[in-house]
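Chemist: Got a structure for you, written out below as structure tokens; questions coming shortly.
The values are calculated or read from the model by the stated rules, or taken from the named source; none is laboratory data. Remember, it's a predicted structure, so these values are computed and weren't measured experimentally. Quick reminder, even Gly has a Cβ in these numbers, built from the backbone with ideal geometry, and neighbours come from all protein chains shown.
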Amino acid sequence: MASVKFLKVSGDWRSVADAARTTIRKDEGTGEPSSKWKKRILLAEHSPIRKLCFNWKWIDLPYWVSVHFVRHKYGIEHFVSTQRTDRTGEDRTAKTQDAPVMHECFANAQAVMFISRRRLCSQASPETRAAWQLVVDEIAKVEPEVASCCVPECVYRGFCPEFKSCGFVDTPRFREMVERYRNADIH
């Protein structure tokens, strides 16, 4: 299975907070915003959260899983290693759907949360969920408030919008996750 190399975070919470202050006609502030404020602005999905960006690279991601991620196009850029015969020296037509690729991404916080809704859902393939969870786990190490907002669609909405539910919404674990997600004091 693939591994992920977390490259960096760009932007910072002070610039997010200053952009938020600009939107309400206030001068720049000082100091780091509180964890509760961070979680609240992430839950509100106000535009300044897009100043916080993440860069990562999957190594040996199966091509067909990479295809799932390149479907996301708002707030994210993708850089996927080529399979062109003239560049690799290998016959592209001989490659299978699970041929490994390198897939690097650069995405803002809002895009990361949106992708989580789709790719952490039980309707996504287990391989895709596992690859995305690697990214969320790395984000949790540096921006725990962002990671705490990376939830499946059902947790985000409070119900399952899929035509055929997996049944997770009928479990105590689901109710716990919704409460933790919505609570700005819990990370």
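Chemist: Going by what's in this entry, would K95 be described as surrounded by 15 or more Cβ atoms within 10 Å (Cβ to Cβ), at pLDDT below 95 and among the basic types (K, R)? Give the derivation first.
Modeler: Values: surrounded by 15 or more Cβ atoms within 10 Å (Cβ to Cβ): yes; at pLDDT below 95: yes; among the basic types (K, R): yes.
Against the criterion (surrounded by 15 or more Cβ atoms within 10 Å (Cβ to Cβ), at pLDDT below 95 and among the basic types (K, R)), K95 qualifies.
Chemist: Any idea how many residues of region 88-101 are touching a helix residue (DSSP H, G or I) at 6+ places or on another chain (Cβ under 6 Å) and in a helix (DSSP H, G or I)?
Modeler: Going through region 88-101 one residue at a time, the tally reaches 1.
Chemist: Turning to a different aspect of this structure: Taking only pairs six or more apart or across chains, which ones have beta-carbon atoms under 8 Å, a first residue in region 1-25 that is within 16 Å of L52 (Cα to Cα), and a second residue that is part of a strand (DSSP E or B) and of a type in the set (D, E)?
Modeler: Listed pairs, sorted by first residue: L7/E104.
Chemist: OK, next. Can you work out which of the residues in region 108-147 that are touching a Phe, Trp or Tyr at 6+ places or on another chain (Cβ under 9 Å) and polar (S, T, N, Q) is surrounded by the most Cβ atoms within 10 Å (Cβ to Cβ)?
Modeler: Only one residue fits best here, namely S116.
Chemist: Now for a separate question. Considering only region 136-164, state which residues are in contact with a Cys (Cβ under 8 Å, 6 or more places away or on another chain) and not hydrophobic (A, V, I, L, M, F, W, C).
Modeler: Filtering region 136-164 down to residues in contact with a Cys (Cβ under 8 Å, 6 or more places away or on another chain) leaves 136, 139, 152-154, 160-162.
Across region 136-164, the qualifying residues are P152, E153, P161, E162.
Chemist: Then there's this: Checking the structure you have, find out if any residue of region 107-126 is at pLDDT below 95 and among the hydroxyl-bearing types (S, T, Y).
Modeler: No; the residues of region 107-126 include none that is at pLDDT below 95 and among the hydroxyl-bearing types (S, T, Y).
Per-residue answers, yes or no, for (1) under 30 Å from K95 (Cα atoms); (2) modelled with pLDDT of 95 or more; (3) in contact with a Leu (Cβ under 9 Å, 6 or more places away or on another chain):
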residue: S15; (1), (2), (3): no, yes, yes
residue: E28; (1), (2), (3): no, no, no
residue: W37; (1), (2), (3): no, yes, no
residue: A44; (1), (2), (3): no, yes, no
residue: N55; (1), (2), (3): yes, yes, yes
residue: W58; (1), (2), (3): yes, yes, yes
residue: V70; (1), (2), (3): yes, yes, no
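Chemist: Hey, another quick one. Of all residues in region 157-187, how many are without any contact (Cβ under 8 Å) to a residue 24 or more places away in the chain, within 19 Å of the chain's Cα centre (by Cα) and surrounded by 14 or more Cβ atoms within 10 Å (Cβ to Cβ)?
Modeler: 1
Chemist: Considering C154, C105, C150, which residue is under 17 Å from K39 (Cβ atoms), surrounded by 21 or more Cβ atoms within 10 Å (Cβ to Cβ) and not polar (S, T, N, Q)?
Modeler: C150
Chemist: Quick one: what pairs do we get from region 31-58, first residue closer than 16 Å to A107 by Cα, second exposed (fewer than 14 other Cβ atoms within 10 Å of the Cβ), C-beta under 6 Å, 6+ apart or different chains?
Modeler: Filtered contacts from region 31-58: C53/S10; N55/K8; K57/K5.
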